[in-house]
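See below for the structure under consideration.
Rule-based calculations on the coordinates, nothing more; no lab input. The structure presented is a predicted model; accordingly, all values stated were derived computationally and were not measured. As a convention, Cβ positions derive from the backbone with ideal geometry for all residues, glycine included, and neighbour counts pool all protein chains shown.
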Amino acid sequence: MIRVLISLTWLLASVSVAASQDVQSILQTHAEEVAKPSRKSVSVVLDDLVASGLPQAPEFLEQWAERNVWRNNATGLFVIVTEEGDDLTFRDIDSGETGTASEDGFTQLRPNGGVRRVIGTALVQFQLSDPDPARRQSALDSIARRGEASQLEPLVASLAGEDDPALRARKEQLITFLTARFGEDTDARVAAIESLSADTSVEARAVLSQILSANAGVATDTPEGNIARILDPMEDPTASYGQLVDAGLAPPIVPVGAVRSALEANIVDGRVGGVPLAQLGDQDMRNMAYGALAADGTVPPLVTQDDITVALENAVFFERYSEEDTTVTDAARATLDAIETRVGLEQTFDLALDGLSLASIYFLAAIGLAITFGQMGVINMAHGEFIMMGAYTGYVVQLFVPDYTVSLLVALPLAFAVTFGAGVAMERLVIRHLYHRPLETLLATFGISIALQQIAKNIFGTQARPLTSPDWLGGALVISDNIQISYIRIAIFVFALLFLCLLLFILNRTRLGLEVRAVNQNPGMAASMGINPDRINMMTFGLGSGIAGVAGVGIGLYAQVTSEMGANYIVQSFMTVVVGGVGSVFGTLAGAGLIGFLQKGIEWLNPSNTLAAQTYMILFIILFIQFRPKGIVAPKGRAAAD
Amino acid sequence: MTKEHTPRTSFVARNPSVLYLLMALGLFTAVVAVLSEATGVGLISTSFVKTLGKTLCLCLIAIAMDVVWGYCGILSLGHFAFFGIGGYAIGMWLMYARTEIIVAESLAGQVIPPTPQEISDAIGNQIFGVVGSSEFPLIWAFADSLFIQLAFVVLVPGLLALIFGWLAFRSRVTGVYLSILTQAMTLALSLYLFQNDSGLRGNNGLSGLQNVPGLADSGQDVVSLAFFLASALALALGYLLFAWITDSKLGNIIQAIRDDESRVRFLGYHVESYKLFVFTITAIVAGIAGALYYPQAGIINPAEIAPIASIYLAVWVAIGGRGRLYGAVIGAALVSLLSSWFTGGGAPSINLGFYTIQWVDWWLVLLGGTFVLVTLFAPKGIGGLFDKLVRKS
Amino acid sequence: MKLVTKYTLGAAAAALIAGSVSAQDCADPIKVGVLHSLSGTMAISETTLKDTMELLIAQQNAAGGLLGCEIEAVVVDPASDWPLFAEKARELLTVSEVDVIFGSWTSVSRKSALPVLEELNGLMFYPVQYEGEESSKNVFYTGAAPNQQAIPATDYFLEELGVEKFALLGTDYVYPRTTNNILEQYLIDAGIPEENIFVNYTPFGHSDWSTIVADVVELGADGSQVGVISTINGDANIGFYKELAAAGISADDIPVVAFSVGEEELSGLDTSNLVGHLAAWNYFQSADTEANAEWVAAWKEAMGEERVTNDPMEAHYIGFNMWVNAVTDAGTTDVDAVREAMYGQEFPNLTGGTAVMLPNHHLAKPVLIGEITADGQFDIISQTEEVPGDAWTDFLPESAVLVSDWKDLGCGMYNTETKTCVQLTSNY
């Protein structure tokens, strides 16, 4: 009661105060709400500030949202503050007088995201015609996030003075949205709704869905109002019956636990309802005993399955639009249905893009293997660690070269050089001795893999390291709200394409490629033709490793750089190569494509469990290899001889 | 098998190493048993008895791996999956039976006797409550029966190996392809088990397995000694079985397949059947080893089955020496014990002045390096060195 | 590595100061076991806690030790291998004969060590936020239970941000699963229809987030305010936040609150695009108190300027100090006596206020919500009063009837409906 009184006096005071006084006094009236704002309580402050019409109010609101308002602990006054180290330069909200002080006596106000959003909405009317386009933009963002009926009029009014074409288009769009939802006149609303039929954006669909928002209800006979649809209670009898119970139209089901406690409460001489206790370890006996109790009226009767069916059959379950005008809801429904079809198409396309992107990542990770495994038949379990080395090279370069674009340009060739060197060293020191023992290369390279992984851990620590992409690779290519792909993924795709072309060129058009193929097909014959197989093997292995290093930079840009990142790709990469067909670049491409799209497809079928998708993917690969043991593109040459 | 055709000396005479190894194993077991806490001497702590018992199980799967890889030439990167399945099969019973006892005790005090449904709900809630469910998945249908779960220890790995092997060998998937395929199988299994919906408690796995129902009164010192003895017995029997198999004519064919598969096929042998037999029997032994291992470890979880574990298995066998059963035993025992010594902080750090080598950080580097060196320069592993010594003397 | 040397010097200095202490005869030297992975996948998080424990012990020794004895840390490495947690715990308790263990990070490692702790009547302090549904006689849980992190954060979403549709994204393991189960029930109770809750689980280290982020954006197609509650663990967060930033999703459009992202995790990220997204913890390094300033300074001095502090470190800080006080009160390190002395132990939080050890072995701690800032720290925008940790959640029907009270009821799993103790050991 007292609270109501206080708030009443506040209200009265604020109305009278607002007309005559300044921002500070309004704030002091609601000091608690200003100092510790909450989305739900802050509106009283905002309403008063806006109602006051004071010119300082909008500026204060902006500064408040930006966390530049501090409170003097001693006087309780609010000031606008610019921080410089530990010192504060403060400015009086109303008079604009400035001064400096140490931080100690002041507390910064930190309105949370929810409050900032409400402040943004309050600011809309001031900002719509502001000379600063950024402010107009933020006003429009506010409207887009939280459209209100009251915003329609000022928005329409501001349209005439808008000279920025982008903002003007946005304003027109938002006017359509607001008209569709809040317009006075049915024809105008229907027209606005129908004009959205080609708009697949989330915002447009949100507008239509909000018009179509409906509440579920239950009644004994045909309900009144704008009914969306009548539901069949048998689709989910339990839930429907629950709805009936909530509506007070049916008795609640007695849960098993309640039966038990009811029995416990009614034990008479070691019997319940005439049934001896010892026999109650059986649900049927319990129900019988409970039935006896219910017959006496001690407990509410059990609701049987038949009762439920009867109750459900005698009730009408429906959804009712909150919008009463049928013309509007019909138009919105028709428009939304039309949009949904397009959205479906767009989403399929987006999924295909994701699949393509995943495929290109797999391809990039596997392409180095396709060379070492495919051309040379060498199982390199340390391939993943070469990817990791490439990524860490990128990280180290960024430590020294702060400009991300330059560092990327340096990192790519450097990563290639580093891993090329590592690959050559590994080939010379280890693999060379094991060409005739392929299974043992697997083991030896595994040894190298665990050693490299641990060394990386010892040097860089176990924490993930940042590899940041340049700004021009940030963001996403937005074709529509439903079709977007981040630039970094496009870059990886382009990267993968480049590598594909480069590799094809090297293998098919250069002397090195010719020699590689020759050694692959018949090392002895190649040697007798004057080709040095040792050198070729070394170069091939270096090339494969170098490419892994460059792939590492790409992968590190879009995901995490850790010492274990290589291990995450190694099994996938081998499977990509094997599924595609060893020894063929196109095979690897096909393998990566198959695996990428398949994984996305399975994820789409079961969106809530990505892990399951991966499991089924691998099972598919196992089966696939059973039926095409040599992969999609069957190999020729040395690899085929195994 | 064909003793009447070729006059041969006795099995033991042909394989003196079997006798030596079994004698060494017997002696070792006896010493550990006497010195353990269970007998009151307590020179060997219970935790070390568990470590030794687990090591024996690892030796058992290592000889299985040796038979399939060292003798038959199939580099399976999936045998740890069978090991894990064995562990899960026995773990299900251990968890179920233990929980059943707890639930029975907690429900015993109630006035109204519990219904079977209530008991089952309470057990389900206890076991699956931690993973946010209380329903019993279908695969737990027989978890209440020790006998059936024991049968599963043998049957599930066996059947899985049979089906997988049949598919793979029939399509003539060989060499590295087969290795990658088995690795894919392991990965698929561990990813599947990682899911909470798998019904085997996802990442948490099955835990508290060291508490054997019915043996709650005899402490862990006795239980762990019992498992140690059982592991030693299993290793001895497994060793005998594999020594006998590799010594027989069957063993000769298997080794011939390793050396040149095509020739054996052209000689009229059905190579696939032999490979399938070896693959399956070793999978079964791996399952048994797992069923003995995990009650000593106390917990089984999908990470145990991750592909890396199977690769380590190959590493042990390679370091110990392929194609010799005792090599596998030596490799598994040595590497796994050394590994726990190094990572346990047992090895002293080496101060180089500018840098201190802490073995926790550098052990894997050392292991990886050693492994490369062994592969390069001592392809016969430690067992090979052994052979040289024996031949010289 | 070099930092370690620096720190060892500090410890040596501390040992010198404490020289007078160690000179006395200590019939039974006080040993503290540290059971944190120093290698393997969890080393990333747990090594920091080992360092924390060593720092705390050095500080305590410098301050005069405990019961007139010097405290000795026994550090072992369970190597992120869950069975090893059981093995090493047994070794610590029987071979090294430690008086208390501070350790574990993942739930599965705790569940692995539990049977051993209960069998040998050991004592362990577990410092990480977890899914609850457990209360062992032998473990004190100094991290947050779901009602000390997840529920307040969800309330914040509902009350302050007005979120109407929830995406619960998590890594597929027990903590996210159980937490999301609890949250789903909680949201349904709060009137959010079931179809407005989208749940997704991804594997550890997942990196391909584009489809999931698109799914989340799509949730907003009916005009509801969408919010993401993330229980994504470890490295996978990096890819997730990178994808969020690339898709241009600001905290104003779709706020994300994370339960497993702290100062350490952010150090692997460029946070400029993530400003405004949220995390809920019981501690942030940016907490503005004197105790925290001292602690952060001590930590940076020992470990290096670029190192950050985080929530589980504070949990160990509180846990260790409480244990020290409990031992002092009991006059012995005997586990049962210390346990009795632990109940009601109070110690000031680093974030202000006082943590209290409850009879259910959980702490009462304040819940903080922070917004990510551009420098990889958190701006604390909400801090509650101390919330008592609840071992058994009230939001799942099976556990709503359970309570834990080791002091009066002497039971960690007491069914209030049937008035019986379900079991004295814990459900591992």
Exercise. What is the projected area of the convex hull of the Cα atoms of the stretch B:1-124, averaged over all directions, in nm²?
Worked result: 14.4 nm²
Problem set entry | Cα-centred dipole magnitude for the stretch A:269-421, charges only on beta-carbon of K, R (+1) and D, E (-1), debye, nearest 20 | 980 debye
For this session: Using only Cα atoms, tell me the angle between helix B:146-170 and the longest principal axis of chain B; keep it within 0 to 90° and round to the nearest 10.
Result: 40 degrees
Exercise. Using the alpha-carbon atoms, what tilt in degrees (0 to 90, nearest 10) does helix C:107-119 show relative to the longest principal axis of chain C?
Worked result: 30 degrees
Exercise. Quick one: if you take sqrt(5λ) for each eigenvalue of the C-alpha gyration tensor of chain C, what semi-axes come out, biggest first, whole angstrom?
Worked result: 36, 26, 18
For this session: Would you mind giving the mean number of other chain beta-carbons within 10 Å of the Cβ of each residue in C:395-402, as a whole number?
Result: 3
Exercise. Rounded to the nearest 5, what is the percent of antiparallel bridges among the DSSP beta bridges in chain C?
Worked result: 40 percent
Problem set entry | Positive dipole terminus of the stretch C:119-190, leading residue within C:173, C:125, C:154 (C-beta point charges) | C:125
Exercise. Mind checking which lysines have their C-alpha under 16 Å from residue B:249, skipping anything on the same chain fewer than 8 residues away?
Worked result: B:3, B:275
Exercise. Helix-derived [θ] at 222 nm for chain C: sum -39500 (n - 2.57) over DSSP H runs of at least 4, divide by residue count, nearest 500?
Worked result: -11500 deg cm²/dmol
Seminar exercise, completed: Relative contact order in percent for chain C (Cα pairs under 8 Å, 6+ apart) equals 16 percent
Seminar exercise, completed: Counting all Cα-Cα pairs in the stretch B:11-306, those more than 26 Å apart amount in percent to 51 percent
Problem set entry | Separation of the residue A:191 and residue B:373 label points, Cα + 7 Å toward Cβ, nm | 8.8 nm
Exercise. Relative contact order for chain B: what is it in percent, counting Cα pairs under 8 Å that are at least 6 residues apart?
Worked result: 30 percent
For this session: Shielding by partners for A:568-578, please: the mean number of other protein chain Cβ atoms within 10 Å of each residue's Cβ.
Result: 3
For this session: Identify unpaired cysteines across chain C, taking unpaired to mean no other cysteine Cβ lies under 4.7 Å from the residue's Cβ.
Result: none
Exercise. Separation between the residue A:425 and residue A:94 pseudo-spin-labels, each 7 Å from Cα along Cα→Cβ, expressed in nm?
Worked result: 7.4 nm
Problem set entry | Cα-centred dipole magnitude for chain B, charges only on beta-carbon of K, R (+1) and D, E (-1), debye, nearest 20 | 1820 debye
Problem set entry | Solvent-free Debye scattering, log10 I(q)/I(0), computed from the Cα coordinates of the protein assembly as shown at q = 0.06 Å⁻¹ | -0.65
Seminar exercise, completed: The relative contact order of the stretch A:347-641, taking Cα pairs under 8 Å that sit 6 or more residues apart, comes to a percentage of 36 percent
Exercise. For a paramagnetic label modelled at 7 Å from the Cα of residue A:525 toward its Cβ, which residues of the stretch A:575-594 fall within the zone defined by backbone nitrogen distances under 19 Å?
Worked result: A:583-584
For this session: State the Kirkwood hydrodynamic radius of the stretch A:347-641 in Å, one decimal place, computed from all pairs of distinct Cα atoms.
Result: 19.4 Å
For this session: Compute the long axis of helix B:79-108 from its Cα atoms, compare it with the longest principal axis of the Cα atoms of chain B, and write down the angle in degrees, 0 to 90, nearest 10.
Result: 20 degrees
